[in-house]
Amino acid sequence: MATIVRFTKMHGAGNDYIYVNTLLYNIPDPTKAAIAWSAPHTGVGSDGLVLIGEPNMPEADYSMRIFNADGSEAMMCGNASRCIGKYLFEKGLTDKTVIRLLTLSGIKILNLHLDKSGKTVESVTVDMLEPVLANKSQLASEDGSMTDGLVDVVDTEFRGTFVSMGNPHFVIFVDDISSIDVTKYGKALEYDSLFPERCNIEFAQVLGDGSIRTRVWERGSGITMACGTGACATAVAAAVTGRASRKSDIVMDGGTLHIEWNEADNHVYMTGPAAFAFEGEIALPE
């Protein structure tokens, strides 16, 4: 008999994942489950699978593991972490409004912003820690860094900036984002030899009001409606290259995220929404 698992579908600015509480359900092969359940026609349909669990250290309250739609495990997801904050509070697993979440890229602090009733999480601010601008394991340049560097891909030359938010990002600023074939160039760049661990790719355009329109090709998932770490990387890249200040509104396909690269502690703070979509039951893949 198949094992049935109860799941919750949530999204942060349209970046949607399947959430499972592993305190209640064991997922023995999350890679297999992520591939099967993320499929849009034969599964639930999502950008991946997120497992909420117990941390293996006392410094954290809960843990998060995230698997992309292709089954690969990600280091971190900003949108998913905000959703976990809402999930934990509104389902009564915690009454804390500051939650310490263990991820593969360290402990992230979630600050929950409640409505007047005190029962609903309206938005969440996540301390995404410090950005890393040089990482030889993630960028195959001489010193592991690149700022407005030239990269040839397919039939086009782009200028891009490398930013690691635990996971690798390459941010390309363009004059007209509507003219960019995100699938064509995003996929080619994800697998480019410049990125030993593959890479998340952001195409960004600074708008007249100072906000930054961004589209994302996520490593392992393809085009997504939003990417929290991608929004942070875009804001950092914009500041580093003098295109914006340390505070930016990043306008993604699914909504807007507010990013502050704090000068005092060098941490990046991301604020944005989280929402429930629906719940259901599904069998573990055989």
> Per residue of the chain, what 222 nm ellipticity follows from adding -39500 (n - 2.57) for every DSSP H run with n ≥ 4, rounded to the nearest 500?
Replying inline: -4500 deg cm²/dmol
> Given 174, 229, 196, which one lies farthest toward the positive end of the charge dipole of the range 149-266, if we put +1 on the Cβ of every Lys and Arg and -1 on the Cβ of every Asp and Glu?
Replying inline: 229
>> Quick check: pseudo-label points 7 Å beyond the Cα along Cα→Cβ at residue 181 and residue 111, how many nm apart are they?
In response: 4.4
> Against the longest principal axis of the chain, how steep is helix 228-240, in degrees 0 to 90 to the nearest 10, with axes from Cα atoms?
Replying inline: 30
> Relative to the longest principal Cα axis of the chain, at what angle does helix 78-90 sit, 0 to 90 degrees, rounded to 10?
Replying inline: 30
>> Using a 7 Å offset from the Cα along the Cα-to-Cβ direction at both residue 97 and residue 151, what is the distance between the two label points in nm, to one decimal?
In response: 4.1
> Under a GNM of the chain (C-alpha, springs under 10 Å), which listed residue has the highest mean-square fluctuation: 163, 251, 50?
Replying inline: 251
> With labels modelled as points extended 7 Å from the Cα through the Cβ direction, what inter-label distance (nm, one decimal) is found for residue 263 paired with residue 207?
Replying inline: 2.6
> Mind checking which aspartates and glutamates have their C-alpha under 17 Å from residue 119, skipping anything on the same chain fewer than 8 residues away?
Replying inline: 90, 95
> Of the listed peptides 238-250, 274-286, what is their order by residue-averaged count of other C-beta atoms within 10 Å, with the highest listed first?
Replying inline: 238-250, 274-286
> What is the set of long-range amide H partners of residue 166 at a cut-off below 5 Å, with H atoms built 1.01 Å from backbone N?
Replying inline: 132
>> Please report the net charge: other residues with Cβ closer than 9 Å to the Cβ of residue 17, K and R +1, D and E -1.
In response: -1
>> How high is the relative contact order of the chain? Use alpha-carbon pairs under 8 Å, at least six apart in sequence, and give a whole percent.
In response: 21
> At what distance in angstrom do the alpha carbon centres of the range 57-84 and the range 157-179 lie from each other?
Replying inline: 23
>> I want to verify a result. In a Gaussian network model of the chain, Cα cutoff 10 Å, which of these has the top mean-square fluctuation: 168, 273, 28?
In response: 28
> With charges set only on the Cβ (+1 for Lys and Arg, -1 for Asp and Glu), what does the dipole of the chain come to about its Cα centre, in debye to the nearest 20?
Replying inline: 640
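Rule-based calculations on the coordinates, nothing more; no lab input. Source: prediction; values computed, not measured. Note that we place each Cβ from the backbone using ideal geometry, even for glycine, and neighbour counts take in every protein chain shown.
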